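> Starting off with a structure, shown below.
Bear in mind that the values in this text are calculations on the coordinates, not laboratory data. Quantities reported herein were computed from a predicted structural model and do not represent experimental measurements. Cβ placement follows ideal geometry from the backbone for every residue including glycine, while neighbour counts extend to all protein chains displayed.
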Amino acid sequence: MLSSSHCYPAVPVSDQSADMSGPVAHVAVWIALKRLDLNDDRVIALREVHIPRGTKMATVKQIVAYSFRLDVAQVTFKIRNSEGFLIPLNGRIPVNTKQMPYVLEVTRYFQHVNAKSRDIAITVISRSFKSRLQSIVRRIERLEELLPQIKQKQKEKMVKEVEQLNQKLIFLHKRMQMAESYCWEGMFKRAPLW
């Protein structure tokens, strides 16, 4: 299914380089199409595409997409020279021949990007949380083991404090009884020492 086409959309004046006067110079390049986005590694089309010199990359991309009837919304273009090296897709693309065409690889966004496994970070976090959880569980188990002893110690402490309070109350009660037995007779029993 090899064919050639000389069609390209009109190039806006703002995309042409300012130093060119008169008619815009075009360069004819041969481009072979590979649809990697469709999981097809074969060259399915060969076309001659006319690219105005000095145009911006976006306009060149539109011209190439129009020539091969491609929708640029969901794909990205990679263009390679005959040696397989990536070259920029712009208005300064060098001339080539039909026998040594550029290869246009159409790919989906992030098609060739393999996501790195992020399990390591999650594993580290998981281990950290697991160790903290185990530490808390051990502390709770230790408290549960000590709970009867804690209750016993608390009871003993309360009994001791109640005994001390009872002793203080008995002491105060005695003092109050002693104070009640005294009455004021209006004079000192002993002479003051002043």
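> To the nearest 0.05, how large is the calculated FRET efficiency for His50 and Arg127 if R₀ is 45 Å and r is the Cβ-Cβ distance?
Details: r = 62 Å, r/R0 = 1.37.
Computed FRET efficiency for His50 and Arg127 comes out at 0.15.
> Want the number for Leu38 to Leu147: 0.36 nm per residue separation, take away the alpha-carbon distance, what's left?
Details: separation 109, 0.36 × 109 = 39.24 nm, distance 6.91 nm.
Length difference between fully extended and current span is 32.3 nm.
> Continuing with the same structure: Per 0.36 nm of contour for each residue apart, how much would the distance between Thr76 and Asn90 grow if the chain were fully extended, relative to their Cα-Cα spacing?
Working: separation 14, 0.36 × 14 = 5.04 nm, distance 1.42 nm.
The Thr76-Asn90 span can extend by a further 3.6 nm.
> Which chymotrypsin sites (Phe, Trp or Tyr not before Pro) in region 70-132 pass both tests, a DSSP loop state and at most 16 other beta-carbon atoms within 10 Å? Walk me through the numbers before you get to the answer.
Working: sites: Phe77, Phe85, Tyr102, Tyr109, Phe110, Phe129; in loops: Phe85, Tyr109, Phe110.
When the chymotrypsin sites (Phe, Trp or Tyr not before Pro) of region 70-132 are filtered for loop state and at most 16 Cβ neighbours within 10 Å, Phe85, Tyr109, Phe110 remain.
> Tell me, what HN-Hα J-couplings in whole Hz come from the Karplus equation 6.51 cos²θ - 1.76 cosθ + 1.60 at θ = phi - 60° for each residue of region 150-167, using x for Gly and Pro?
Each residue of region 150-167 in turn: 5, 4, 4, 5, 5, 5, 4, 5, 5, 4, 4, 5, 5, 4, 4, 5, 4, 4 Hz.
> Using a Cα-Cα cut-off of under 26 Å, which lysines could be cross-linked to Lys153, ignoring same-chain neighbours fewer than 8 residues away?
Lys168
> Same structure, new question: With the cut-off at 28 Å, tell me which of the pairs Lys78/Lys116; Lys61/Lys98; Lys34/Lys56; Lys56/Lys78; Lys130/Lys151 have Cα atoms farther apart than that. Intermediate values should be presented prior to the final figure.
Values: Lys78/Lys116 23 Å; Lys61/Lys98 20 Å; Lys34/Lys56 23 Å; Lys56/Lys78 16 Å; Lys130/Lys151 31 Å.
Table pairs above 28 Å Cα-Cα are Lys130/Lys151.
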